[in-house]
Amino acid sequence: GNSVTQMEGPVTLSEEAFLTINCTYTATGYPSLFWYVQYPGEGLQLLLKATKADDKGSNKGFEATYRKETTSFHLEKGSVQVSDSAVYFCALIPTGNQFYFGTGTSLTVIP
Amino acid sequence: DTAVSQTPKYLVTQMGNDKSIKCEQNLGHDTMYWYKQDSKKFLKIMFSYNNKELIINETVPNRFSPKSPDKAHLNLHINSLELGDSAVYFCASSQNIGSGNTIYFGEGSWLTVV
């Protein structure tokens, strides 16, 4: 079947710390992979995506590489800011199928 | 020029009432969705329509009924509201269904049943 597993939160970091949020998946076919971010009181926004193996998605200093061999799409940022505090969702869409979301990881960045 | 817009944003209502949430997208997409997000931020798909045709209908109480008058609109009607229906409901759309598509979310509708 198709599923996404992401690290449980909450995660609390100091400003300028390095961030990694792990995401692994199982899927049929050749899925596209996504990271969405949800700021407090708002809807989900696309943060970055990758559509094939070894692609790297990047946006706002965040990066994630589509690793088919480890079925992973870990989110990283070198230096987090207070404004990055949000809930982050890993997601996939397999070939000809619907979206599957992870359970979300809450990140709080403290000054 | 909001891409996916849903109304109302906040809704407080009593148990047993019937309410509707409206959703419209101006992206020209063929596929629309309703998701429910619980208090732990878990997202669960409820329904999906592609060109006005129901394609995903997850295990949802039949008190929830989606209506798609055209492919730009997908409304959600809820009958006989219960306390457990309190959640955030997100409308979303994508060009169509399948790999390579990106899903775009509305701002959410915060439903509180008292």
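Can you give the average number of partner chain beta-carbon atoms within 10 Å of each beta-carbon in peptide A:40-47, as a whole number?
On the way: counts 0, 5, 3, 14, 11, 2, 4, 0.
That works out to 5 on average.
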- Task: Report, to two decimal places, the Cα Rg of the range B:1-41 normalised by 2.2 N^0.38 Å (N = number of residues).
- Result: 1.44
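Among the listed pairs A:K68/B:K41; A:K52/A:K77; A:K56/A:K77; A:K49/A:K77, which have their C-alpha atoms separated by more than 23 angstrom in this model? Provide the component values of the computation, followed by the final result.
Numbers: A:K68/B:K41 27 Å; A:K52/A:K77 21 Å; A:K56/A:K77 13 Å; A:K49/A:K77 15 Å.
Long pairs (Cα-Cα over 23 Å): A:K68/B:K41.
Place the peptides A:39-46, A:23-30 in order of packing, highest mean first, counting for every residue the other Cβ atoms within 10 Å and averaging per peptide. Before the final figure, lay out the partial values.
Details: A:39-46: 15.0, A:23-30: 16.5.
By packing density, highest mean first, the sequence is A:23-30, A:39-46.
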- Message: Please report the equivalent ellipsoid semi-axes of the protein assembly as shown, computed as sqrt(5 x eigenvalue) of the Cα gyration tensor, largest first, in whole Å.
- Response: 30, 21, 15
- HN-Hα J couplings of the range B:59-65 from phi, Karplus 6.51/-1.76/1.60, θ = phi - 60°, integer Hz, Gly and Pro as x? 5, 10, x, 6, 5, 9, 9
- Task: Please calculate how many Å² of accessible area chain B carries per residue, with a 1.4 Å probe and no DNA, RNA or ligand atoms counted.
- Result: 48
- Accessible area that becomes buried as A packs against B, both chains, 1.4 Å probe, Å², nearest 100: 1700
- Carbon-plus-sulfur fraction of the accessible area of the range A:4-91, 1.4 Å probe, in percent? 49
- Expressed in square angstrom to the nearest 10, the accessible area of B:H77 with a 1.4 Å probe stands at 60
- Task: With unit charges on the beta carbon (Lys/Arg positive, Asp/Glu negative), name the residue among A:L44, A:I21, A:Y66 whose Cα is farthest towards the positive pole of the charge dipole of the range A:7-72.
- Result: A:Y66
- q = 0.14, 0.19, 0.20, 0.24 Å⁻¹, the range A:3-47: log10 I(q)/I(0) [Debye, one scatterer per Cα]: -0.49, -0.84, -0.91, -1.13
- Relative to the compact-globule estimate 2.2 N^0.38 Å (N residues), the Cα gyration radius of the range B:18-114 stands at a ratio of 1.02
- Please report the relative contact order for the range A:1-108, taking Cα pairs under 8 Å with a sequence separation of at least 6, and give it as a percent rounded to a whole number. 37
- Partner lysines for B:K71 [C-alpha distance under 19 Å; skip if fewer than 8 residues away on the same chain]: B:K22, B:K52
- Query: Once you average over the residues of B:95-106, how many Cβ atoms of partner chains fall within 10 Å of each Cβ?
  - Reply: 6
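Going from the alpha-carbon gyration tensor of the range A:24-110, what semi-axes, largest first and in whole Å, does one get by taking the root of 5 times each eigenvalue?
Details: eigenvalues 105, 42, 19 Å².
For the range A:24-110, the ellipsoid semi-axes come out as 23, 14, 10 Å.
Within 10 Å of each Cβ in peptide A:84-93, how many partner chain Cβ atoms are there on average? Round it to a whole number, please.
Working: counts 0, 0, 0, 2, 0, 3, 0, 3, 1, 8.
Shielding by partners across A:84-93 averages 2.
The values are calculated or read from the model by the stated rules, or taken from the named source; none is laboratory data. Everything numeric in this text was worked out from a predicted model, so none of it was measured. With ideal geometry, Cβ positions are generated from the backbone for all residues, glycine too; neighbour counts draw on all protein chains shown. Surface areas here come from the heavy atoms of the whole protein model, side chains and all, with no ligands, DNA or RNA. Shrake-Rupley method; radii C 1.70, N 1.55, O 1.52, S 1.80 Å.
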